[in-house]
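Beneath this line is the structure, given in structure tokens, with notes to follow.
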Amino acid sequence: MKNLLLTTALIAAGTAGTAMAETAAHAGFTTEAAAEQIHASDFIGMRVYAAETGDVTESEGAGTEWEDIGEINDVIMNRSGQIETVLVDIGGFLGLGERQVGVSLDQVKFVSDSSTDDAEDFFLVLNADPATLQDAPEFTAGDMEDQAAADINEMEKDAAEATASAEASIEEAGDDVAAATATAVDNTEAALDEAGDDIAAAADKANAEMEEAGDDMAAAADEAGEDVADAAENTGEAIENTADIAAAEINEETNEMQRETAEMANDSDMAPFPGTPVEQDYLTAENLDGARVYDAQDKWVGEISELIVTEEGQITDAIIDVGGFLGIGEKPVALKLTDLQILRQDGGDDVRIYTAMAEEELEAMPEFEGK
């Protein structure tokens, strides 16, 4: 009897205790898919049957009581890679009159087809009454759009607060510079006043000595002149030292303001592409398949061709085709999802996927061998 190890996930990666690294030639990379894995690109578009199956896991061909209700259109996953909802197009004829419903993951049954020799043949069966599905509410993305808008508003609020804080810091630094300059000017004026008083006292003393003794008049005058020169020199040095101190204080305040500005710029975690992480409903196999991947210098290094997801519904790896020319000679390599950054352009719709690895490093990785 054949066993298909797919019961609770849309895209399986073997049993829960099996790590994909066991098939890899190098630690941290995946070079081939396990026998029980299913590619997301193969899953989209599969026909879906509806029946109250209970615990049925195997059937010889499609059950007579099953009803073909439509096909898989897409899957919705959260930012952690967990699959939350399966979107099914039901009703209509040749695509006309169809409507889309979202069902939870635990309603999807993978029923092995024992009528063939291929152990991987299976049916997708929704464990539900077909009549119930006809009355099911239609799926809309309104809630996710509202949440995305709320997230954007919150980020804009945080950015505004950071800008206000930076402006306040710059204004405070400017006030400190002005205060330091005013203090330096006051100190210089006081030093000049004190020097002037010393000069006046020396002159008065010289005049008194000149009146007392005629012979000593010249010497007293010379001495007074030397005192005046020394006082002037000392005054000049005091002014120069005071100016140096003021300049040093201004430079220190300016350097501190520049350091704070640099720290705020570093805290913003700027990417080479001015954007923000994509909204939750963008993370679907339909959007990620074929998406271009860029390195840290905004150079196009390849595109995503497949996604690997665990049986719990979490994306673990993205298969990227690198090298080649016009699609010829490309080499698929596997990267962990945590090594990729998915950004939407600020103020636009352009979405880019980034990796820290250069094209040469990607081409040197072991080739991923799918099934």
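Remarks
- Looking only at the stretch 296-333, and only at residues there that are of a type outside the set (A, V, I, L, M) and farther than 22 Å from Thr31 by Cβ, the one that is surrounded by the most Cβ atoms within 10 Å (Cβ to Cβ): Gly313
- Matching residues, the stretch 286-300, being of a type in the set (A, V, I, L, M) and within 30 Å of Ile72 (Cα to Cα): Leu288, Ala291, Val293
- Residues in the stretch 67-81 that are in contact (Cβ under 8 Å) with a residue 40 or more places away in the chain and out of contact with any helix residue (DSSP H, G or I) (no Cβ under 9 Å at 6 or more places or on another chain): Ser80 only.
- Of the candidates Leu283, Leu340, the single residue that is closer than 19 Å to Phe368 by Cα and not assigned by TED's automatic domain parsing to the domain that holds Asn73 is Leu340.
- Residue match in the stretch 303-318 (condition: charged (D, E, K, R) and over 29 Å from Leu105 (Cα atoms)): no
Condition check ((1) surrounded by 14 or more Cβ atoms within 10 Å (Cβ to Cβ); (2) modelled with pLDDT of 80 or more; (3) closer than 30 Å to Met46 by Cβ) across all residues:
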residue	(1), (2), (3)
Thr116	no, yes, yes
Leu126	yes, yes, yes
Gly142	no, no, yes
Met155	no, yes, no
Ala168	no, yes, no
Met217	yes, no, no
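- Residue list for the stretch 53-82, filter: of a type outside the set (Asp, Glu), over 30 Å from Glu279 (Cβ atoms) and within 44 Å of the chain's Cα centre (by Cα): Thr53, Gly54, Val56, Thr57
- Of note, Val86 satisfies the criterion of being outside the structural domain of Val309 (by TED's automatic domain parsing) and crowded, with 19+ Cβ neighbours inside 10 Å.
The values are calculated or read from the model by the stated rules, or taken from the named source; none is laboratory data. None of the values given here were measured: they were computed from a predicted structure. Cβ coordinates were reconstructed from backbone atoms using ideal geometry, including for glycine residues, and neighbour counts include every protein chain displayed.
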